[in-house]
Protein chains: 2
Amino acid sequence: MSRSGADLALLLLGGFRTLVDDATAELARRGFDDVRPVHDFAMRAIAAGADNASELGRRMSVSKQAAAKTIAVLAERGYVAREPDPADARRKLLQVTSLGEEVMRQGEAIFDELRDRWLQQIGPDALADLEAHLTALVGPRPVRLDAPGWVAHDDGGGPA
Amino acid sequence: MSRSGADLALLLLGGFRTLVDDATAELARRGFDDVRPVHDFAMRAIAAGADNASELGRRMSVSKQAAAKTIAVLAERGYVAREPDPADARRKLLQVTSLGEEVMRQGEAIFDELRDRWLQQIGPDALADLEAHLTALVGPRPVRLDAPGWVAHDDGGGPA
DNA sequence: ATTGTTAGACAACAAGGTTGTCTAACACAG
DNA sequence: CTGTGTTAGACAACCTTGTTGTCTAACAAT
């Protein structure tokens, strides 16, 4: 019964990965095989007002160089456009293209469907509790999606 | 305030990262500043019987080359030792050193303390529920800790 | 003995991150 | 207007964790 703290961590990671892997697979099935959740996340930040690389970096708690790399990929694949900012010649204005918006729409729908499936499995009350408790525990920390070298151990059951 | 599926994913990631970041920081504070949770995880697998690179790769659902790289790091830092296997000249026997065992011990203690803190915050019942539900939702999938970009690489590379 | 499988090493490369350095452009004194 | 500081973005070197591909040595089994 009594689980270890490491199990808990693994469980959370497992939940996250289950969701994300399924979503990515489904997104690929729908024709977008070159987008990852990070990209979606970045597009959302751009759409929400982070319209230049430095700002995007700040919002994602990542260096501006890292942000620039992500943007380069996104631009290359046609999900965001870059134009010179008329108001500041240093800046390049970012804009999510209609293709990018389509990805965000589909991504959202897929994640919602996935959540719905969970809802069916454990019931609305349990899911609401889970979310509420997690929210309380995580607190108001900025969302970072990076992190080289994370996880912990398994213990007890042993990796199957 | 019905949340979106994406929020749920972010919440799970947030929970995981909270735990892991705190644990890594605490481990560093205790003198182990060159170990990451992945390393801990690998050591545990080794201790649990994955005593050669190929087997370790299999258990961690990762290529044997990736496993070999991790082992190289672990060996370099003195957490595992490699000796030739007398029974099979191809193999190199892996063994967690006493230093490695110390890390595992500390890591376990830290994670348990962290879980305890959560327990204090939301109560034993809520935590038990959270774990039970997550377990049900994640199902029996193998633990993978990889994922650059959080998801499938369409194409890993290799010599052209 | 030939044939097939496995372990491990080496190499090239992907994707995401980090610093550091540099230039162009802005902002704001004085 | 000019000097000084800050900011945006680009470029480059490098880290980490992963991926394939290729190769040799060693084992296994016909």
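The values are calculated or read from the model by the stated rules, or taken from the named source; none is laboratory data. None of these values were measured; they are calculated from a predicted model. Don't worry about glycine lacking a Cβ; one is built from the backbone with ideal geometry, like all the others, and counts go over all protein chains shown. In case anyone asks, the SASA skips ligands and DNA or RNA and just uses the protein heavy atoms, side chains included. Shrake-Rupley method; radii C 1.70, N 1.55, O 1.52, S 1.80 Å.
For A:Val80, which sequence-distant residues (separation of 5 or more, or a different chain) have an amide H within less than 5 Å of its own amide H, given hydrogens modelled in the peptide plane?
Distant-sequence amide H within range of A:Val80: A:Ala75, A:Thr97.
If we count every other residue with Cβ under 9 angstrom of A:Ser54's Cβ, Lys/Arg +1 and Asp/Glu -1, where does the sum land?
Cβ neighbours under 9 Å give a net charge of +2.
If one takes the longest principal axis of the Cα atoms in chain A, at what angle in degrees, from 0 to 90 and to the nearest 10, does the Cα axis of helix A:5-29 lie?
For A:5-29 against chain A, the angle is about 50 degrees.
Once phi is turned into θ = phi - 60°, what whole-Hz ³J(HN,Hα) does the Karplus curve with 6.51, -1.76 and 1.60 give for every residue of the range A:80-92, x standing for Gly and Pro?
After applying 6.51 cos²θ - 1.76 cosθ + 1.60, I find 9, 10, 10, 10, x, 7, x, 8, 7, 5, 6, 7, 10 Hz.
Between the chain alone and the structure with every protein chain in place, find the residues of the range B:12-38 that drop at least 50 Å² of accessible area; heavy atoms, 1.4 Å probe.
Listed in order, they are B:Leu12, B:Leu13, B:Phe16, B:Arg17, B:Thr18.
Between copies, how far apart are the B:Ser98 label points? List them in nm, one decimal, shortest first, with each point 7 Å from Cα toward Cβ, please?
Copy-to-copy label distances for B:Ser98: 7.0 nm.
What net charge do the residues around A:Arg30 carry, taking every other residue with its C-beta under 12 Å from that of A:Arg30, with Lys and Arg at +1 and Asp and Glu at -1?
Taking every other residue near A:Arg30 into account, the sum is -2.
Show me you know the interface measure: the accessible area buried between B and A, both chains summed, probe 1.4 Å, in Å² to the nearest 100.
Accessible area lost upon association: around 5700 Å².
Give the relative contact order (percent, whole number) for chain A; include only Cα pairs under 8 Å separated by 6+ residues.
27 percent
Counting Lys +1, Arg +1, Asp -1, Glu -1, what net charge surrounds B:Ala67 among other residues with beta carbon under 9 Å of its beta carbon?
Result for the neighbourhood of B:Ala67: +3.
Just report the Cα centroid separation between the range A:62-113 and the range B:67-124, whole Å.
40 Å
How far is helix A:37-47 tilted, in degrees, relative to the longest principal axis of the Cα atoms in chain A, given as a value from 0 to 90 rounded to the nearest 10?
Result, in degrees: 50.
Before rounding to the nearest 500, sum -39500 (n - 2.57) across all DSSP H runs of length at least 4 in chain B and divide by the residue total; then give [θ] at 222 nm in deg cm²/dmol.
Value at 222 nm, helices only: -20000 deg cm²/dmol.
Treating only the Cβ of Lys, Arg, Asp and Glu as charged (+1, +1, -1, -1), what charge dipole size does the range B:1-103 show about its Cα centre? Round to the nearest 20 debye.
Around 360 debye, computed over the range B:1-103.
Just to confirm, what accessible area per residue do you get for the protein assembly as shown at 1.4 Å probe, in whole Å²?
50 Å²
Taking a point 7 Å out from Cα toward Cβ as the label site, list the nm distances between B:Lys69 and the same residue in every other copy, smallest first.
1.3
For the range B:48-143, which whole percent of the accessible surface, found with a 1.4 angstrom probe, sits on carbon and sulfur atoms?
50 percent
Which distances, in nm and shortest first, link the B:Pro124 label point to the same label point in every other copy, taking 7 Å along Cα→Cβ?
3.2
If each of B:Ala89 and A:Ser98 carries a label point 7 Å out from its Cα toward its Cβ, how far apart are those two points in nm?
Spacing of the two 7 Å Cα→Cβ label points: 6.8 nm.
Just read off the accessible area of A:Lys92 with the full protein assembly in place, 1.4 Å probe, to the nearest 10 Å².
Surface accessible to solvent at A:Lys92 totals approximately 120 Å².
Taking amide hydrogens as modeled 1.01 Å from N in the peptide plane, which residues meet the under 5 Å criterion relative to B:Leu93, leaving out close sequence neighbours?
Answer set, sorted by chain and number: B:Glu83, B:Asp85.
Please give the helix B:64-76 orientation as an angle from the longest Cα principal axis of chain B, in degrees from 0 to 90, rounded to the nearest 10.
80 degrees
Assuming R0 = 30 Å, what is the FRET efficiency of A:Ala47 and A:Glu76, from their Cβ-Cβ distance, to the nearest 0.05?
It comes out at approximately 0.95.
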